[in-house]
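What follows is a set of notes on a single structure, which appears directly below.
The values are calculated or read from the model by the stated rules, or taken from the named source; none is laboratory data. On a predicted model such as this, the values are computed, not experimentally measured, just so you know. Quick reminder, even Gly has a Cβ in these numbers, built from the backbone with ideal geometry, and neighbours come from all protein chains shown.
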Ligand code: HEM
């Protein structure tokens with residue numbers, strides 16, 4: 001998957017213009033975005049019954065206009081019991097004023113300063129995972145590093161005991177994929193949500209238990225602080241804290257795992273960029289932004305129109321579901337010269353991988369810090385790394401990144417710990 005060779009195919013390579021007809025490979029999606037961004041930048045998908053938007057200008061404008069492009073889909077899709085409970089705190093899917101009240105309370109606790117203070121701890125977790133490899137030559141990168149690193153960080157922030165963390169995987173996968181695995185849809189159906197409800201019920205019971213005990217004996221952890229935070233007389237209910245925890249678990253975990261896999265693949269494909277980063281670690285922050293732009297993990301954000309909208313001459317009725325293709329916008333040549341090029345020195349880099357507007361990623365400082373720490377550690381301790389077997393991928397219609405990368409690693413002198 002280099003993605004650098006994909007170009008406009010003039011439509012012949014595209015069997016049909018609908019998303020469902022595209023093969024679930026990253027190259028196919030790149031082709032599809034490239035073609036439609038030029039030919040039908042606002043496209044109605046007959047089969048899925050929703051709209052797609054591809055250009056940077058349009059995606060950015062829609063993200064910034066939450067009055068017209070609502071994030072609240074609750075009354076479009078029937079939510080089963082356990083899911084609707086956890087959804088009470090998932091403010092990504094709310095509009096103002098509900099969104100703002102919750103985001104503002106959570107922001108008082110989940111602050112950039114609190115994140116900055118985690119740097120040493122994240123470095124320790126990263127070093128511990130690399131030490132545990134014991135200088136091995138063959139490394140399952142996702143299993144041994146990209147998956148456990150962000151999971152350990154978020155479990156640490158929530159102060160969840162190590163023994164319970166194994167259960168997180170099933171819960172966070174269920175919440176993230178929402179039963180859409182193998183399906184081309186970006187918005188889950190009621191039936192898909194029902195299929196994951198038993199797992200969500202298990203997660204809810206676990207977190208509600210933890211929340212109650214933290215209320216009784218608060219500590220310095222995030223859950224205790226969410227339980228006690230107050231603003232203008234507003235406090236969070238248990239179900240809202242549950243939703244925030246569930247959401248942080250998903251948002252803070254798979255996203256970062258995926259970006260770590262993309263980072264390793266991109267640096268393998270661009271050895272000069274890897275060499276430049278080794279020689280000058282101050283380039284790391286720019287490299288993180290470019291990984292996000294080039295292979296941002298979340299391909300699209302879903303919205304629903306609150307009124308009829310005319311966009312590039314197309315009339316979108318009220319209550320249309322609109323998919324804003326962040327990943328297509330991030331390859332728009334109108335904004336990014338030579339967009340397929342992976343350029344760690346790219347400035348400006350106005351990518352939309354972390355969203356924009358009132359829903360701009362609250363975890364952006366954490367995501368950036370984790371990636372920066374991880375890249376610095378990997379490049380310091382590994383002299384060379386290359387995929388040594390078949391790389392498997394997630395379905396790029398839902399998430400962009402690798403499921404597993406069997407890496408062949410050459411350790412730097414003293415790097416094996
Ligand atoms: C590393 C990669 C990450 C990526 C690519 C990413 C991407 C995004 C995007 C695109 C949005 C906006 C979605 C929309 O507008 O519909 C978003 C929102 C959000 N993200 Fe992230 N995220 C990442 C990591 C994290 C982390 C580590 C956390 C926290 C632990 C986090 C927490 C959130 C929250 C709470 C929101 C909702 C904000 C709101 O609705 O006000 N994210 N993220």
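Restricting the search to the range 362-395, which residues are under 30 Å from residue 64 (Cα atoms) and within 14 Å of the ligand (Cβ to nearest atom)?
Here is the first cut: in the range 362-395, the ones under 30 Å from residue 64 (Cα atoms) are 362-372, 394-395.
Residues satisfying the conditions are 362, 363, 364, 365, 366, 367, 368, 369, 370, 371, 372, 394.
What helices (runs of 4 or more DSSP H), lying completely within the range 28-114, carry at least 1 residues that are touching a strand residue (DSSP E or B) at 6+ places or on another chain (Cβ under 7 Å) and closer than 29 Å to residue 294 by Cα?
Passing ranges, in order: 56-64.
Going through 93, 89 one at a time, which residue ends up being free of Cβ contacts under 8 Å to residues at least 60 places away in the same chain, under 21 Å from the mean Cα position of the chain (by Cα) and within 12 Å of the ligand (Cβ to nearest atom)?
One residue alone meets the criteria, 93.
Which helices (runs of 4 or more DSSP H) does the range 215-325 wholly contain that include 1 or more residues that are closer than 23 Å to residue 401 by Cα and either within 15 Å of the ligand (Cβ to nearest atom) or at pLDDT 95 or above (or both)? Walk me through it before giving the result.
Values: elements: 222-228, 238-251, 254-269, 271-279, 284-295.
Fully inside the range 215-325 and qualifying: 238-251, 254-269, 271-279, 284-295.
Here are 310, 409: which of them is loosely packed, with under 15 Cβ neighbours inside 10 Å and more than 30 Å from residue 107 (Cα to Cα)? Spell out how you get there, then give the answer.
Working: 409 fails: loosely packed, with under 15 Cβ neighbours inside 10 Å.
After applying the criteria, what remains is 310.
Scan 359, 398 and give me the residue that is surrounded by 18 or more Cβ atoms within 10 Å (Cβ to Cβ), within 16 Å of the ligand (Cβ to nearest atom), closer than 30 Å to residue 104 by Cβ and at pLDDT 95 or above.
359
May I ask you to list the residues in the range 116-161 that are out of contact with any helix residue (DSSP H, G or I) (no Cβ under 8 Å at 6 or more places or on another chain) and in a helix (DSSP H, G or I)?
Here is the first cut: in the range 116-161, the residues out of contact with any helix residue (DSSP H, G or I) (no Cβ under 8 Å at 6 or more places or on another chain) are 117, 120, 124, 128, 131, 134-138, 140, 143, 161.
The answer is 120, 124, 128, 131, 143.
With the checklist (1) under 30 Å from residue 116 (Cα atoms); (2) within 16 Å of the ligand (Cβ to nearest atom) in hand, flag the one item residue 187 doesn't pass.
(1)
Going through 341, 350, 334, 345 one at a time, which residue ends up being surrounded by fewer than 18 Cβ atoms within 10 Å (Cβ to Cβ) and under 30 Å from residue 120 (Cβ atoms)?
345
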